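All remarks here apply to the structure that follows.
The values are calculated or read from the model by the stated rules, or taken from the named source; none is laboratory data. Please read all numbers here as calculations on a predicted model, not as lab measurements. Don't worry about glycine lacking a Cβ; one is built from the backbone with ideal geometry, like all the others, and counts go over all protein chains shown.
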Amino acid sequence: MIQYPSIIEMCIQEVIEKEDNAFKTICNCRVPTHCLLVEYKRLGYRLEELEGEEKNQIWNFVYGLFPTKSKEERIECCKIIHLISKLLN
């Protein structure tokens, strides 16, 4: 059984290797999405704490990748991108 840290590490490696294209794969898969959202919540990151311009950049990026997803799904994608960017820094 794969544990959350292994899946999170796999997602981070995917972003390192494939850059922005990796987010489309990650956000379209239920297990990585779930694991990353659990980690996002556990670490206490909040999109609301981002400055307006940074928040808009993430939103526009997600909207460009996922124009057909619902608003709630796009917000989840924004949380995932924010988490991964924090973990990479």
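Annotations for the structure displayed:
- Filter result (surrounded by 13 or more Cβ atoms within 10 Å (Cβ to Cβ) and either at pLDDT below 95 or closer than 22 Å to Glu9 by Cβ (or both)) within the range 66-89: Glu76, Cys77, Cys78, Lys79, Ile80, Ile81, His82, Leu83, Ile84, Ser85, Leu87
- Residues of the range 23-63 satisfying the condition of being part of a helix (DSSP H, G or I), of a type in the set (A, V, I, L, M) and without any contact (Cβ under 8 Å) to a residue 40 or more places away in the chain: Val31, Val38, Leu47, Ile58, Val62
- Residues in the range 70-84 that are free of Cβ contacts under 8 Å to residues at least 24 places away in the same chain and basic (Lys, Arg): Lys71, Arg74.
- Of everything listed in (1) surrounded by 12 or more Cβ atoms within 10 Å (Cβ to Cβ); (2) at pLDDT below 95; (3) not hydroxyl-bearing (Ser, Thr, Tyr), the single unmet condition for Glu48 is (1).
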